[in-house]
Amino acid sequence: YDSVDINVVVGTGDNLYTPVIRNCGGKGVKGISDELNAAVSAVEAGELSSEFASMGTLTIMNLGMYGVKSCAPIIREPQAVALAIGAMENRIVPNDDEDSDEIYKESVMMTATLSCDHRVVDGAV
């Protein structure tokens, strides 16, 4: 792919939309955030144009806000990857502090699952 175009899953009521943010590799975080906010506002107002409704290079979905721990996203062709972000949660993990008497500690963690189309990522072997 010549550019990185990202679809972000946006929900309104019972409907899901995936507006696309074009050329993310050529923009800063502020530019991407501004475009995403404009896309979300357009979706909420019911004014989603065909520019926002087209297919990008990858899709990002945040299911953590609904309490979903993880999911395996499905790639929609011709996309290369789909990323699902899960909920933040407290987990018990090994303690990496050598000065501590405790061998375990509680840490806030999140699960992110990336589904990749192998033809795009490593080529059809």
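The values are calculated or read from the model by the stated rules, or taken from the named source; none is laboratory data. The shown structure was predicted, so the numbers you read here are calculated from the model rather than taken from an experiment. Don't worry about glycine lacking a Cβ; one is built from the backbone with ideal geometry, like all the others, and counts go over all protein chains shown. Only protein heavy atoms, including side chains, enter the accessible area calculation; ligands, DNA and RNA are left aside. Shrake-Rupley method; radii C 1.70, N 1.55, O 1.52, S 1.80 Å.
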Checklist entry - Along the range 74-81, what does the Karplus equation 6.51 cos²θ - 1.76 cosθ + 1.60 (θ = phi - 60°) give for ³J(HN,Hα), rounded to whole Hz, x for Gly and Pro? => result 9, 7, 9, 4, x, 5, 8, 8
Checklist entry - So what is Rg over Rh here for the range 83-125, counting just Cα atoms and using Kirkwood for Rh? => result 1.29
Next on the checklist: Please list Leu114, Leu83 from largest to smallest accessible area, probe radius 1.4 Å, with all protein chains kept in place.
Outcome noted: Leu114, Leu83
Checklist entry - Given H placed on each backbone N at 1.01 Å, which residues far from Asn62 in sequence or on other chains put an amide H within less than 5 Å of it? => result Val9, Ile85
Checklist entry - For the chain, what is the mean residue ellipticity at 222 nm derived from helices alone (per DSSP H run of n ≥ 4: -39500 (n - 2.57); sum divided by total residues; nearest 500 deg cm²/dmol)? => result -5000 deg cm²/dmol
Checklist entry - Reachable aspartates and glutamates from Lys69, Cα under 13 Å, same-chain residues fewer than 8 places away excluded? => result Glu89
Item to check | Cα centroid of the range 4-66 to Cα centroid of the range 77-125, whole Å | outcome: 23 Å
Checklist entry - Per the Kirkwood definition applied to all pairs of different Cα atoms, how many angstroms is the hydrodynamic radius of the range 35-121? => result 15.9 Å
Checklist entry - Using unit Cβ charges (K, R positive; D, E negative) and no other charged atoms, how large, in debye to the nearest 20, is the dipole of the range 11-125 about its Cα centre? => result 620 debye
Item to check | For the range 66-125, with +1 on Lys and Arg beta carbons and -1 on Asp and Glu, the positive-most of Ser115, Ser100, Gly86 along the dipole | outcome: Ser115
Checklist entry - Excluding ligands and nucleic acids, what accessible area in Å² is computed for Tyr17 using a 1.4 Å probe, to the nearest 10? => result 80 Å²
Checklist entry - If you line up the long axis of helix 29-45 against the longest principal axis of the chain, both from Cα atoms, how many degrees apart are they, to the nearest 10? => result 60 degrees
Checklist outcome for this item: Highest mean packing first, using Cβ neighbours within 10 angstrom, the peptides 24-35, 54-65, 92-103 sort as 54-65, 24-35, 92-103
Checklist entry - Of all the accessible heavy-atom surface of the chain, with the other protein chains kept in place and a 1.4 Å probe, what percent is carbon and sulfur? => result 53 percent
Next on the checklist: So, for the chain, what is the accessible surface per residue at a probe of 1.4 Å, expressed in square angstrom?
Outcome noted: 66 Å²
Checklist outcome for this item: Diffing the range 89-105: the Karplus 3J(HN,Hα) column from phi (6.51, -1.76, 1.60, θ = phi - 60°), in whole Hz with x for Gly and Pro, holds 8, 7, 10, 8, 10, x, 7, 9, 8, 5, 7, 8, 7, 7, 8, 10, 9
